[in-house]
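First the structure, in the form of structure tokens, and then the observations on it.
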Ligand SMILES: [Zn+2]
Ligand SMILES: [Zn+2]
């Protein structure tokens, strides 16, 4: 049996068309014991477009996530009622770019309707989401330097349960653009992020979306998962990052097997930001 899927989206996220009911049905059909919906809230566009005085740069430049936050909390409340039975529903959120406003992000973490926060970094300040960047015009090493610096700042800030897909830019730089990266260059910086997360009692997720994408590996990959374990990391969640019902639970079996092979004997989910462990 799959232990959990702790990272999924519905049509409250700009990049998903999935209705809540379809996602819950998929989770029930897979007999998932623990399931979270973690819709996108991007702190860099929390206020209305008028507040920023900018034009949307592309179809995903959605503004006014403040209103979306209330919708997500209401939807999670409804999902908990609908889930019932053997499915334990976790009220989650994927909080993007908390570094855009750390004090606001801290108050969102404290929302009592929330069980679980994934902190993610999808774009650097002044840049598009890594998904939209043209890598023939970018310096991937400089981008990754800036990315891990920003992720380190988020790790030190600490108001989250897990860091999401910590090697996110590689999905596009290595996977889609096919650019090879000297991963040794970033290893010590990532180790410092891990040490900070572990010292703060926080965790990381093993995001299994990469298994079904060109990248072909989870975020992070085996080498970094082993590093996290070797440094004392024990808080690990598993998430498919499904944006449609067909992907609920996708790659979780492989992710759980990889975690086991790396020495993890349990994985984790959160209720009111408290970790609960499930044996693998
Ligand atoms: Zn994400
Ligand atoms: Zn996501």
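All of the numbers you see were taken from the coordinates with simple rules; none came from a lab. This structure is a prediction, so every number in the text was calculated from the model and none was measured. Every residue, glycine as well, gets a Cβ built from its backbone with ideal geometry; the counts of neighbours run over all protein chains shown.
Structure above, values below:
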| item | result |
| --- | --- |
| Check on residue 134, more than 16 Å from ligand 1 (Cβ to nearest atom) and not in a helix (DSSP H, G or I) | yes |
| Those residues of segment 212-240 which are surrounded by fewer than 19 Cβ atoms within 10 Å (Cβ to Cβ) and within 16 Å of ligand 2 (Cβ to nearest atom), in sequence order | 212, 213 |
| Count of residues meeting criterion [under 14 Å from the mean Cα position of the chain (by Cα) and closer than 17 Å to residue 40 by Cβ] in segment 238-253 | 5 |
| Residue ranges of helices (runs of 4 or more DSSP H) in segment 19-102 with at least 2 members closer than 19 Å to residue 250 by Cα, touching a residue at least 24 places away in the same chain (Cβ under 8 Å) and more than 19 Å from the chain's Cα centre (by Cα) | 20-29 |
